[in-house]
Amino acid sequence: MNGLVPAAGTLLLIGGKLVPGAAGVFPTVNPATEEVLGYAANAAADDLDAAVAAARAAFDETEWSRDHAFRAHCLRQLRDVLRANLAELREITVAEAGAPVMLTSGPHLEGPIADLDFAADLAESYSWRTDLGERTQMGIPSRREIRREAVGVVGAITPWNFPHQINLAKLGPALAAGNTVVLKPAPDTPWCAAVLGPLIVEGTDIPAGVVNIVTSNDHSVGARLVEDPRVDMITFTGSTRTGRSVMVGGAANLKRTFLELGGKSAAVVLDDADIGAAASYTAFSVAVHAGQGCALTTRLLVPRAAYADAVAAAGKAMAGLRPGDPTKPGTICGPLISAAQRDRVEGYLTIARSEGGRIVTGGGRPEEQPRGYFVEPTVIADVANTDTVAREEIFGPVLVVIPHDGDADAVRLANESPYGLSGSVWGADPERVDRVVNGVRTGTLSVNGGLWYHADAPFGGYKQSGLGREMGVAGFEEYLETKLVATPA
Ligand code: NAD
């Protein structure tokens with residue numbers, strides 16, 4: 001199935017039909033070249049309303065939510081049709097999201113497609129009904145059964161940083177659980193979502209209205225989805241600030257809100273660790289995809305006595321990672337998504353300097369990339385944990401290095417953040433490491449480089465990093481209601 005994305009642009013998917021947007025089109029830009037790639041359908045309020053109506057009808061008037069085997073079949077079809085179009089999807093992902101092509105064989109594309117299997121398998125294997133046994137109350141013996149059912153119409157609102165990962169990590173479990181979905185992707189990556197439209201229509205048996213895709217460059221379309229009383233649940237990934245307004249917008253009808261938000265995670269290096277290796281690894285990881293990852297460990301906490309060595313090791317690792325053309329197989333650090341995002345990152349570098357931070361490496365635009373929204377991987381030393389660049393999420397390839405005075409102090413610093421998404425601990429003594437792991441208040445932790453990311457591993461945040469978990473059985477159950485049925489025994 002070639003030519004999915006015509007050069008002219010994409011369409012919305014509403015009620016099983018591919019339709020233009022009532023607000024015309026908007027451009028989508030290649031962040032590595034600043035060229036307009038083409039156009040995406042621009043949804044207006046009426047399109048959104050029609051998409052919600054279609055999702056509502058598909059949920060209320062079809063057997064979708066009750067036919068578990070059919071949903072598994074449809075999800076496997078979706079996996080297969082995505083795989084059959086990998087080359088074109090890869091091209092779009094690199095061009096539109098600035099994703100290093102190397103990462104499209106993992107978390108940027110092929111990983112999330114493979115993860116649809118986990119969702120499909122759960123639709124078939126999940127215990128939808130659980131017998132609670134008999135109880136007698138007021139002389140009436142009753143047999144009780146717990147039934148798990150889909151929540152209903154789910155509004156999925158997603159960001160631009162890992163578009164396929166996040167779109168599919170919402171579609172997979174939401175559909176597997178029996179919901180119908182209106183997907184509202186970020187204005188910066190409309191094509192990555194819109195390509196799903198023709199694939200679903202032409203390559204799967206997913207019934208009309210079960211998936212609706214509404215691209216728009218107007219954030220108020222997302223807000224309208226949140227406020228619509230016909231929508232039972234919002235699953236949102238994005239910034240903590242927008243997450244707050246999603247909670248407020250959904251409160252009017254007490255909507256279930258599932259939030260995956262920002263982070264400012266800490267890499268805690270203990271004094272018995274290989275400090276140079278830990279610092280280099282952390283610096284390298286923060287430069288991947290130009291630091292546009294919510295769970296990256298952007299604060300490196302190192303023993304005070306080893307501070308200079310750690311700063312030097314991090315600086316050396318970062319200096320060796322030049323940002324480059326994402327279509328090249330060796331590129332790890334591509335461009336930022338937009339001029340606005342580059343301005344934001346550069347604004348933080350200005351703040352760092354004004355707060356007395358020392359730029360160890362990077363700190364500007366790479367000379368060898370005159371076009372594109374590139375920023376050099378940057379290490380900042382001599383900032384306090386309470387300074388702006390150590391406290392706020394920058395969402396660029398920027399690492400701050402902060403000294404600690406022992407394990408307890410390191411835990412205190414790691415937790416001295418409004419966020420609690422992720423982190424890492426580096427150390428040789430398992431008991432000390434375990435005490436630190438117990439002390440750090442975050443949803444995921446890596447120990448000595450262990451990788452927590454997988455379809456079966458629940459991911460999410462403590463504190464202002466979110467509510468609920470994505471992926472794993474816990475992530476699937478976010479999309480379920482619980483019904484208790486009692487009958488006379
Ligand atoms: P954003 O919050 O600006 O936008 C996210 C989505 O929300 C977009 O689709 C946008 O159109 C929509 N939106 C904006 N205002 C809205 C409103 N008032 N109501 C409803 N929807 C609205 O985030 P972004 O800049 O696209 O993405 C970057 C952020 O996402 C970072 O903070 C990052 O940490 C976070 N993120 C979190 C995770 C996670 O799983 N925790 C994963 C990836 C990204």
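The values are calculated or read from the model by the stated rules, or taken from the named source; none is laboratory data. All of these numbers come straight from a predicted model, not from anything done at the bench. Cβ atoms come from the backbone with ideal geometry, glycine included; neighbour counts cover every protein chain shown. Heavy atoms of the whole protein, side chains included, go into the accessibility calculation; ligands, DNA and RNA do not. Shrake-Rupley method; radii C 1.70, N 1.55, O 1.52, S 1.80 Å.
Applying the condition of being in contact with a strand residue (DSSP E or B) (Cβ under 6 Å, 6 or more places away or on another chain) and closer than 22 Å to Val94 by Cα to segment 199-223 and asking which residue is most open to solvent (accessible area, probe 1.4 Å) yields Asn217. One residue alone among Trp160, Trp191 is part of a loop (DSSP other than H, G, I, E, B) and at pLDDT 95 or above, and that residue is Trp160.
On the given criteria, is Asp188 within 12 Å of the ligand (Cβ to nearest atom) and either open to solvent by less than 10 Å² (accessible area, probe 1.4 Å) or under 19 Å from Val19 (Cβ atoms) (or both)? Even if it seems obvious, please write down each step before you answer.
On the way: within 12 Å of the ligand (Cβ to nearest atom): yes; either open to solvent by less than 10 Å² (accessible area, probe 1.4 Å) or under 19 Å from Val19 (Cβ atoms) (or both): no.
Answer is no for this residue.
Can you confirm whether Val226 is more than 7 Å from the ligand (Cβ to nearest atom) and surrounded by 22 or more Cβ atoms within 10 Å (Cβ to Cβ)? It is false that Val226 is more than 7 Å from the ligand (Cβ to nearest atom) and surrounded by 22 or more Cβ atoms within 10 Å (Cβ to Cβ).
Given the condition of a type in the set (D, E, K, R), within 16 Å of the ligand (Cβ to nearest atom) and open to solvent by 10 Å² or more (accessible area, probe 1.4 Å), answer yes or no: does some residue in segment 119-140 qualify? For segment 119-140, residues of a type in the set (D, E, K, R), within 16 Å of the ligand (Cβ to nearest atom) and open to solvent by 10 Å² or more (accessible area, probe 1.4 Å): absent. Take the conditions (1) farther than 20 Å from Ala290 by Cβ; (2) outside any helix (DSSP H, G or I); Asp117 misses just one of them, which is (2). The test for being buried (at least 23 other Cβ atoms within 10 Å of the Cβ) and over 22 Å from Ala278 (Cα atoms) holds for Phe374.
Within segment 260-286, if we keep just the residues that are in contact (Cβ under 8 Å) with a residue 40 or more places away in the chain and within 17 Å of the chain's Cα centre (by Cα), the residue that is farthest from Ala313 (Cα to Cα) turns out to be Glu260. Condition check: open to solvent by 10 Å² or more (accessible area, probe 1.4 Å), more than 26 Å from Ile359 (Cα to Cα) and among the charged types (D, E, K, R). Does Asp434 satisfy that? So Asp434 fits the description; yes. Looking across segment 342-359 at every residue that is closer than 25 Å to Ser280 by Cβ and in contact with a Leu (Cβ under 9 Å, 6 or more places away or on another chain), the one that is surrounded by the most Cβ atoms within 10 Å (Cβ to Cβ) is identified as Gly357. Using the structure shown, decide if Gly450 is within 14 Å of the ligand (Cβ to nearest atom) and not β-branched (Val, Ile, Thr). Spelling it out, it is not the case that Gly450 is within 14 Å of the ligand (Cβ to nearest atom) and not β-branched (Val, Ile, Thr). Is segment 18-34 home to any residue that is farther than 27 Å from Gln292 by Cβ, part of a strand (DSSP E or B) and in contact (Cβ under 8 Å) with a residue 60 or more places away in the chain? The answer is yes, given that some residue of segment 18-34 is farther than 27 Å from Gln292 by Cβ, part of a strand (DSSP E or B) and in contact (Cβ under 8 Å) with a residue 60 or more places away in the chain.
Asp387 passes all but one of (1) without any contact (Cβ under 8 Å) to a residue 60 or more places away in the chain; (2) out of contact with any Gly (no Cβ under 8 Å at 6 or more places or on another chain); which number fails? Every listed condition holds for Asp387 apart from (2).
With respect to the conditions (1) crowded, with 23+ Cβ neighbours inside 10 Å; (2) more than 16 Å from the ligand (Cβ to nearest atom), Ser417 falls short on a single one, namely (2). Checking each residue of segment 58-66 against the condition of being modelled with pLDDT of 95 or more, part of a helix (DSSP H, G or I) and within 22 Å of Thr158 (Cβ to Cβ) gives at least one match.
Filtering segment 447-468 to residues that are assigned to a strand (DSSP E or B) and under 17 Å from Val246 (Cβ atoms) leaves Lys463, Gly466, Leu467.
Do we find a residue being in a strand (DSSP E or B) and under 24 Å from the mean Cα position of the chain (by Cα) anywhere in segment 4-12? I'd like the intermediate steps shown before the answer.
Within segment 4-12, the subset in a strand (DSSP E or B) is 12.
Subsequent filtering for residues that are under 24 Å from the mean Cα position of the chain (by Cα) retains 12.
Yes, because at least one residue in segment 4-12 is in a strand (DSSP E or B) and under 24 Å from the mean Cα position of the chain (by Cα).
Go through the residues of segment 156-168 one by one and say whether even a single one is surrounded by 24 or more Cβ atoms within 10 Å (Cβ to Cβ), farther than 21 Å from Thr240 by Cα and touching a strand residue (DSSP E or B) at 6+ places or on another chain (Cβ under 6 Å). No, every residue in segment 156-168 fails to be surrounded by 24 or more Cβ atoms within 10 Å (Cβ to Cβ), farther than 21 Å from Thr240 by Cα and touching a strand residue (DSSP E or B) at 6+ places or on another chain (Cβ under 6 Å).
Screening the candidates Val288, Val269 for the property of being within 19 Å of Leu421 (Cβ to Cβ) and either within 16 Å of the ligand (Cβ to nearest atom) or aromatic (Phe, Trp, Tyr) (or both) yields one hit, Val288. Of all residues in segment 469-478, those that are out of contact with any Lys or Arg (no Cβ under 9 Å at 6 or more places or on another chain) and either in a loop (DSSP other than H, G, I, E, B) or away from the ligand (no atom under 15 Å from the Cβ) (or both) total 4.
Being without any contact (Cβ under 8 Å) to a residue 40 or more places away in the chain and touching a strand residue (DSSP E or B) at 6+ places or on another chain (Cβ under 7 Å) holds for only one residue in Arg148, Arg83, Arg129, Arg144, and it is Arg129. In segment 246-259 there is at least one residue matching the filter, namely being within 15 Å of the chain's Cα centre (by Cα) and in contact (Cβ under 8 Å) with a residue 12 or more places away in the chain.
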